[in-house]
Amino acid sequence: MKIKTALLASALTTAAAVAQAQEVTVMSWGGAYTKSQVEAYHKPFTAETGIKIVSVDADNPATPIKAQVEAGNVTIDVADVEFSDAVRLCDEGLLEEIDVSILPAAPDGTPAEDDFIEGALQDCAVANIVWSTVFAYNTENVSSAPASIADFFDTTKIPGKRGLRKSAKATLEMALMADGVPAAEVYDILDTEEGVDRAFAVLDKIKDDIVWWEAGAQPPQLLADGEVVMSTAYNGRIFNAAVAESQPLEVVWDGQILDFDLFVVPKGAPNKEAALDFIAYSTDTQRLADQASWISYGPARKSSGSLVGLFSDGKTEMAPHMPTAEANLGNALVNNFEFWVDKDTELNERFNAWLAN
Amino acid sequence: MSDATLSQATAVNEPSAGLTTADGKPLKQALLRAQSHARRRAFLLVAPLLAFILLTFVMPIGQMLHRSVHNEGFTWHEDVTTGHRTPIMTNLSQWFDDNPLGTEPDEAAFAALAADLVVLREVKAAGQAGTRINYERSGSRSMFTKAARRANKLEAPYKEALLELDEDWVDPSLWRVMRDASSSYTANFYLAALDRTKDADGKVTQVNENRQVYVKLFKRTLFLSIIITLLTLILAYPIAHLLATLPLGKSNLLMILVLLPFWTSLLVRTTSWMVLLQSQGVVNDALVGMGLLGDENRLEMMYNQMGTLIAMTHILLPFMVLPLYSVMRPINPSYVRAARSLGATSWTAFRRIYFPQTVPGIGAGALLVFILAVGYYITPALVGGADGQLISNLIAFHMQKSLNWSLAAALAALLLGGILILYWLYDRLVGIDNLKLG
């Protein structure tokens with residue numbers, strides 16, 4: 001009898017605790033990137049507020065949002081998405097608007113509006129990092145080290161398979177840059193039919209040598225396995241494989257494409273208030289700087305820049321590995337989100353048709 | 001006793017009153033009541049299954065078919081949180097009703113458009129409306145979002161005001177798409193699913209050659225599925241025969257080997273094939289190690305059609321073995337022995353005696369494997385590379401990435417229709433009663 005009562009009592013208290021304990025479900029890209037967010041955002045947030053973070057991964061967290069919102073069954077509170085997806089989903093009314101005033105000011109008092117890099121604050125989204133699509137190679141498998149984006153598309157100069165993200169975005173831009181188009185003109189040229197033809201013509205030359213990847217964790221794996229000799233990749237993934245896992249991988253910054261990753265809240269998120277608290281907390285100056293010590297993505301706040309120091313191994317200087325480092329910006333392209341919001345359907349249809357032929 | 005004999009009996013015995021039960025009620029009524037009671041009970045017994053099938057099968061498929069011809073992107077806006085629905089583009093839709101196809105958009109048309117843009121701005125539906133138009137005419141989306149943002153500042157003459165924002169606003173193909181989209185019901189998604197579109201005059205034409213993909217993929221899906229079905233049949237027939245003729249103890253052991261992969265997760269099996277087939281994988285390493293292949297000439301068995309073929313054949317093999325086994329097991333071996341003793345060669349005995357008895361199993365297995373193969377998705381996505389993709393991968397693309405659910409629904413409906421036609425053909429040629437699933 002006593003045992004029964006005790007059991008009942010403990011069951012009741014557990015139930016009460018569950019009812020009280022709040023949770024926020026955060027969907028991100030998995031692998032080393034999710035790990036950096038868990039270390040820099042989730043753990044300190046839970047320690048400070050007691051709100052538990054459930055971390056979920058997807059190849060691209062933007063994809064489940066429409067299905068969930070339209071079905072009226074939203075399980076994600078915060079999603080980490082790319083720029084063009086943030087704008088597109090916001091336009092379609094699938095995201096909650098985020099009031100800039102909830103974001104804390106920089107330590108020196110600069111308001112958030114001025115502290116974030118230009119474009120990092122959108123109606124429905126707050127950027128946390130600047131990342132880039134680069135290409136990387138396995139130093140043990142290439143006949144000679146590639147130096148420029150043109151080498152990536154030249155299989156006679158450096159033979160071997162190439163890894164590319166299975167998507168028109170970034171692939172077409174890189175193809176044009178490899179064909180000698182200056183970064184500043186890429187989107188103007190890609191906006192014309194001839195420009196698109198030109199990009200596909202470049203891709204045609206290496207089509208039989210391409211291995212397509214979809215999840216960000218794949219390229220370091222493909223490179224390490226020797227399945228490809230070079231691959232496009234999210235720069236942070238290569239950094240982590242090279243530095244934390246000592247893989248013989250090297251990044252080539254020529255022709256890199258910079259983009260934001262932004263936090264968004266799907267419409268009808270079950271824990272909206274806590275989700276906004278989480279976003280405000282994780283995008284403050286210190287948290288963004290902390291994140292940069294776990295993976296080589298640049299913080300979206302100017303005030304975080306000076307706080308970025310060493311990698312979590314305690315000896316690697318982070319600054320030269322950032323996509324925004326002066327030395328890496330020689331031939332860099334900034335992703336034009338408006339172009340992709342508009343042309344995503346058309347170019348991906350063409351891309352799919354090209355793949356199938 | 002049928003009603004006819006009943007009434008006859010009544011007529012013979014008592015011409016004025018019908019037969020009655022013990023408690024004096026007419027027998028006919030009592031019987032009817034008992035029968036309807038039994039029917040009701042039978043219905044109640046199957047009701048849970050019926051409800052389940054309606055809810056999880058018929059309704060979703062019905063919804064999907066509906067979505068393939070119905071899209072409200074340009075006609076209604078629904079607030080996700082409140083569920084409140086607002087009609088949009090009403091003025092423009094009125095203008096389309098008043099003016100037939102081919103009418104040059106006049107100032108009234110642009111005024112209607114401008115008035116609708118104000119509504120779009122108010123209910124924040126510009127992205128939604130633009131997306132709907134963008135499905136059929138690329139680059140339209142930002143025209144809508146841009147124009148809606150400035151909708152309040154638009155002033156007459158509206159044509160000039162809109163042209164100042166974007167000169168594409170007079171494009172006849174844009175107006176054709178808007179006209180089609182201003183009605184919620186459209187067959188345009190089926191056109192798109194067949195690589196076709198309408199030109200500015202509303203005539204159906206093929207899309208540009210470098211955009212044609214769906215018809216090609218339908219054909220490839222059909223072709224690969226047939227090859228996979230044949231491969232599984234060739235591989236499964238001897239296995240099933242061996243299983244059916246071995247003594248039960250041994251055949252049970254072998255049966256476990258057939259079923260073991262069946263119990264393993266699909267993803268695990270597919271990724272195991274990746275480990276085996278990749279160019280630095282087990283098979284290639286073994287061949288190079290034995291000196292059969294040079295290190296430079298490693299076989300490409302993955303990220304192409306070959307990968308899809310190998311992995312899918314393996315994964316679908318049990319679906320062929322099991323129906324074959326179930327028809328072969330009860331075949332009496334004395335038939336073949338009798339044929340042999342009457343002078344038939346072993347080939348003739350097989351062809352005339354054994355094989356015909358296994359046809360129901362072949363039919364069942366082939367139908368199962370084929371239908372599963374046609375809708376396969378994960379395996380080709382993982383090992384198919386560029387040219388091993390099937391139509392289901394594009395359906396997934398439109399479901400998850402481009403978010404054009406109407407097109408995904410139209411593609412899925414075409415696939416479903418294709419399978420139903422094949423099923424009908426099968427019924428006509430082989431007969432569905434001849435099917436033995438186990």
Fill in the blank from the handout: Exactly one of A:PRO146, A:PRO182 is over 15 Å from A:THR133 (Cβ atoms), away from every other protein chain (no Cβ under 13 Å) and crowded, with 20+ Cβ neighbours inside 10 Å, and that one is A:PRO146
Problem - Subset of the range A:139-183 that is touching a residue at least 12 places away in the same chain (Cβ under 8 Å) and among the hydroxyl-bearing types (Ser, Thr, Tyr) - its residue that is nearest to B:GLY388 (Cα to Cα) - result: A:SER167
Practice task
Return a yes/no flag: does the range B:223-236 have any residue that is within 14 Å of chain A (Cβ to nearest Cβ), part of a helix (DSSP H, G or I), among the hydrophobic types (A, V, I, L, M, F, W, C) and touching a helix residue (DSSP H, G or I) at 6+ places or on another chain (Cβ under 8 Å).
Solution key: yes
Problem - Selected residue [touching a helix residue (DSSP H, G or I) at 6+ places or on another chain (Cβ under 8 Å) and either outside the structural domain of B:ILE256 (by TED's automatic domain parsing) or over 30 Å from B:ILE256 (Cα atoms) (or both)] from B:ALA373, B:ALA410, B:ALA381, B:ALA364 - result: B:ALA410
Handout entry: Matching residues, the range B:136-160, being within 7 Å of another protein chain (Cβ to nearest Cβ) and either in contact (Cβ under 8 Å) with a residue 60 or more places away in the chain or at positive phi (or both)
Key = B:GLY139
Fill in the blank from the handout: Of (1) free of Cβ contacts under 8 Å to residues at least 60 places away in the same chain; (2) within 14 Å of chain B (Cβ to nearest Cβ), A:VAL56 fails just (2)
Fill in the blank from the handout: Flagged pairs (Cβ under 6 angstrom, 6 or more apart or on separate chains; first in the range A:84-107, within 19 Å of B:HIS77 (Cα to Cα) and within 12 Å of chain B (Cβ to nearest Cβ); second part of a helix (DSSP H, G or I) and not aliphatic (A, V, I, L, M)) are A:VAL87/A:PHE337; A:ASP91/B:GLY127; A:ASP91/B:THR145; A:GLU92/B:GLY127; A:GLU92/B:GLN128; A:LEU94/A:LYS66
Handout entry: Single residue of the range B:359-406 satisfying the filter (under 13 Å from the mean Cα position of the chain (by Cα) and in a loop (DSSP other than H, G, I, E, B)) that is farthest from B:ILE310 (Cα to Cα)
Key = B:GLY375
Handout entry: Selection within the range B:62-105 - in a loop (DSSP other than H, G, I, E, B), more than 14 Å from every other protein chain (Cβ to nearest Cβ) and without any contact (Cβ under 8 Å) to a residue 12 or more places away in the chain
Key = B:ASN99, B:PRO100, B:THR103, B:GLU104
Handout entry: Matching residues in the range A:268-284 - criterion: being within 14 Å of chain B (Cβ to nearest Cβ) and buried (at least 22 other Cβ atoms within 10 Å of the Cβ)
Key = A:ALA269
Practice task
Report, by residue number, each residue of the range A:122-151 that is over 13 Å from A:GLU250 (Cβ atoms) and aromatic (Phe, Trp, Tyr).
Solution key: A:TRP131
Problem - Conditions (1) within 12 Å of chain A (Cβ to nearest Cβ); (2) farther than 30 Å from A:SER84 by Cβ: number failed by B:ASP433 - result: (1)
Exercise for the section: Answer yes or no as to whether A:THR34 is more than 14 Å from chain B (Cβ to nearest Cβ), more than 22 Å from B:SER406 (Cα to Cα) and surrounded by fewer than 21 Cβ atoms within 10 Å (Cβ to Cβ). Expected result: no
Completion exercise
Those residues of the range A:336-346 which are surrounded by fewer than 22 Cβ atoms within 10 Å (Cβ to Cβ) and more than 7 Å from chain B (Cβ to nearest Cβ) amount to A:ASN336, A:PHE337, A:PHE339
Fill in the blank from the handout: Pairs returned, first residue in the range B:268-295 that is within 12 Å of another protein chain (Cβ to nearest Cβ) and free of Cβ contacts under 8 Å to residues at least 12 places away in the same chain, second residue that is among the small types (Gly, Ala, Ser) and in a loop (DSSP other than H, G, I, E, B), beta-carbon separation under 9 angstrom, 6 or more apart or interchain, are B:VAL275/B:GLY281
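Do you know which residues across the range B:145-183 are part of a loop (DSSP other than H, G, I, E, B), more than 38 Å from the chain's Cα centre (by Cα), surrounded by 14 or more Cβ atoms within 10 Å (Cβ to Cβ) and not basic (Lys, Arg)?
B:LEU154, B:ASP166
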Handout entry: Search result, residues across the range A:190-230 that are more than 21 Å from A:ALA353 (Cα to Cα) and not in a loop (DSSP other than H, G, I, E, B)
Key = A:GLN218, A:PRO219, A:PRO220, A:GLN221, A:LEU222, A:LEU223, A:ALA224, A:ASP225, A:MET230
Handout entry: Test for B:ASP199: is it closer than 26 Å to B:SER402 by Cα, within 14 Å of chain A (Cβ to nearest Cβ) and without any contact (Cβ under 8 Å) to a residue 60 or more places away in the chain
Key = no
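Restricting attention to the range A:55-95, which residues are in contact with a Ser or Thr (Cβ under 7 Å, 6 or more places away or on another chain) and not in a loop (DSSP other than H, G, I, E, B)?
Going through the range A:55-95, the residues in contact with a Ser or Thr (Cβ under 7 Å, 6 or more places away or on another chain) turn out to be A:55-57, A:61, A:68, A:75-77, A:80, A:91-92.
A:SER55, A:VAL56, A:ASP57, A:GLN68, A:ASP80, A:ASP91, listed by residue number.
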Handout entry: Candidates B:LEU316, B:LEU293 - the one that is more than 32 Å from the chain's Cα centre (by Cα) and among the aliphatic types (A, V, I, L, M)
Key = B:LEU293
Fill in the blank from the handout: If you go through B:ASN91, B:ASN99, the only one that is closer than 26 Å to B:VAL170 by Cβ and touching a helix residue (DSSP H, G or I) at 6+ places or on another chain (Cβ under 6 Å) is B:ASN91
Completion exercise
Scanning the range B:202-216 residue by residue, those closer than 27 Å to B:PRO105 by Cβ, of a type outside the set (Val, Ile, Thr) and within 11 Å of chain A (Cβ to nearest Cβ) turn out to be B:ASN208, B:ARG211
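The values are calculated or read from the model by the stated rules, or taken from the named source; none is laboratory data. All figures in this text were calculated on a predicted structure; none of them were measured in a lab. Virtual Cβ from ideal backbone geometry, glycine too; neighbours counted across all protein chains shown.
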